[in-house]
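Here the structure comes first, spelled out in structure tokens, and everything after it is commentary.
The values are calculated or read from the model by the stated rules, or taken from the named source; none is laboratory data. Treat the numbers as computed from the prediction; the structure is a model and nothing was measured. No Cβ is skipped: glycine too gets one built from the backbone with ideal geometry, and neighbour counts run over all protein chains shown.
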Amino acid sequence: MHILITGASGLLGLNLALETAHRHTVFGSVNQNSLKTSAFQVKQTDLLVPGAVERLLEASQPDWVIHCAALANLDACEADPDLAQKLNTELPRTLAKHVVRGGARLVHISTDSVFDGRGGDYTEDDSPNPIGVYSRTKLDGERAVAEADPSAIIARVNLFGWSLNGNRSLSEFFFNNLSQGRQVMGFTDVFFCPILANDLAGIFIKMLERNLSGLYHVVGAECLSKYEFGMRLAQCFNLDDNLIKPTSVTRSGLKAYRSPNLCLRTDKLAGALGEALPGTSIGLEKLYQLHQLGYPDMLHSMKAEQPESS
Ligand SMILES: NC(=O)c1ccc[n+]([C@@H]2O[C@H](COP(=O)([O-])OP(=O)(O)OC[C@H]3O[C@@H](n4cnc5c(N)ncnc54)[C@H](OP(=O)(O)O)[C@@H]3O)[C@@H](O)[C@H]2O)c1
């Protein structure tokens, strides 16, 4: 298959591109970050430029599109709501329209934080209540995609993994600090269901192969606090877990609102695939194995020099 992955320099997109490139012809679109790789074809394009989506689809002729490009930083969304709306709502709408016209299948990536996190244990039938610019624009993006392409898969995720810059994910936050002997806070009152970015690749491919469509929660099978996640990571990597100080998020000083309980149920997808989603320990063990194989360094070596601006 020809797979187009947008946001291929991001935490999710890069790992998806590398994992799927073993078996498929992959095109990865990037914007400000250049990539050096022979694993997949890199297309550098600002997708907000009029006509860019059409040109990218024409150049890559995809059977499947996995749309990961977004403004995914909560504080950046609060600082520039207009850009958040363009990237998280309007771009998915435009992409979905053109993908369906070309006869390709779309996986649109959304987020667990469309919920306010006051309840937890959310199913796909529960009503979202987004709080903050990021969550609101992502929910609007889901709705725009569903309207433009009812056959699209809309996948609400939460993930961890190794990234291009080495500092994009919560797992890198804990790993980087603990391996430098630095003390960190671990929130005991923020719960989530993270899944390893690499594992999402195989799951999305299975969802496409089984011709699924509509809304799915594609997260890890286990619900745990961010503190517990840090502790488990420390144990897995044999790092000093005493450096993680249990703290309430209310004392963190973070600007954007963090939902306290974003645990999502995965029964719908597990039923459709006939298998459970992986739990945190499996993901952390794989994260460790990737580290032992030099995967983080390999990712960093893919970062191409930016041309000097004149
Ligand atoms: N990370 C998480 O824990 C998490 C949790 C829940 C949901 N999600 C969702 O998962 C998806 C991927 O997130 P991520 O963490 O991988 O994001 P990320 O690391 O911030 O990457 C964002 C990607 O979007 C690209 N991009 C931004 N502006 C663009 C533009 N104008 N034109 C083309 N590409 C553009 C970036 O390209 P350059 O870097 O090259 O500029 C980058 O490749 C998003 O939909 C996000 O909402 C992520």
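Numbers below:
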| item | result |
| --- | --- |
| Total residues in region 106-119, condition over 18 Å from the mean Cα position of the chain (by Cα) and within 16 Å of the ligand (Cβ to nearest atom) | 2 |
| Residue match in region 226-248 (condition: closer than 30 Å to residue 143 by Cα and buried (at least 16 other Cβ atoms within 10 Å of the Cβ)) | yes |
| Inter-residue pairs, beta-carbon under 8 Å, first β-branched (Val, Ile, Thr) and in region 90-106, second part of a helix (DSSP H, G or I) and away from the ligand (no atom under 15 Å from the Cβ), 6+ apart | 100/148 |
| So residue 92, is it surrounded by 22 or more Cβ atoms within 10 Å (Cβ to Cβ) and under 17 Å from the mean Cα position of the chain (by Cα) | yes |
| Failed criterion for residue 163 (all others in (1) touching a residue at least 60 places away in the same chain (Cβ under 8 Å); (2) crowded, with 24+ Cβ neighbours inside 10 Å; (3) under 26 Å from residue 1 (Cα atoms) hold) | (2) |
| Residue that is farthest from the ligand (Cβ to nearest atom) [pool: residues in region 71-105 that are under 17 Å from residue 139 (Cα atoms) and touching a strand residue (DSSP E or B) at 6+ places or on another chain (Cβ under 7 Å)] | 96 |
| Verdict on residue 127 being surrounded by fewer than 22 Cβ atoms within 10 Å (Cβ to Cβ), of a type in the set (Ser, Thr, Tyr) and either modelled with pLDDT of 95 or more or in a strand (DSSP E or B) (or both) | yes |
| Within region 9-39, tally of residues that are within 6 Å of the ligand (Cβ to nearest atom), assigned to a loop (DSSP other than H, G, I, E, B) and touching a strand residue (DSSP E or B) at 6+ places or on another chain (Cβ under 8 Å) | 3 |
| One residue from 182, 168, 156 being within 11 Å of the ligand (Cβ to nearest atom), at negative phi and not in a strand (DSSP E or B) | 168 |
| Residues of region 144-153 that turn out to be more than 12 Å from the ligand (Cβ to nearest atom) and within 18 Å of the chain's Cα centre (by Cα), as a count | 2 |
| Candidates 228, 275, filtered to the one that is in a helix (DSSP H, G or I), without any contact (Cβ under 8 Å) to a residue 60 or more places away in the chain and charged (D, E, K, R) | 228 |
| Qualifying helices (runs of 4 or more DSSP H) (wholly inside region 40-85; at least 3 residues being in contact with a Phe, Trp or Tyr (Cβ under 9 Å, 6 or more places away or on another chain) and in contact (Cβ under 8 Å) with a residue 60 or more places away in the chain) | 74-79 |
| Selected residue (only one of 228, 222 is modelled with pLDDT of 95 or more and either aromatic (Phe, Trp, Tyr) or closer than 24 Å to residue 125 by Cα (or both)) | 222 |
| Complete set of residues in region 46-73 that are closer than 20 Å to residue 163 by Cα and either surrounded by fewer than 20 Cβ atoms within 10 Å (Cβ to Cβ) or touching a Leu at 6+ places or on another chain (Cβ under 7 Å) (or both) | 66, 67, 68, 69, 70, 71, 73 |
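Yes/no matrix, rows are residues, columns are (1) modelled with pLDDT under 95; (2) of a type in the set (Asp, Glu); (3) outside any loop (DSSP other than H, G, I, E, B):
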residue: 99; (1), (2), (3): no, no, yes
residue: 109; (1), (2), (3): no, no, yes
residue: 134; (1), (2), (3): no, no, yes
residue: 140; (1), (2), (3): no, yes, yes
residue: 144; (1), (2), (3): no, no, yes
residue: 162; (1), (2), (3): no, no, no
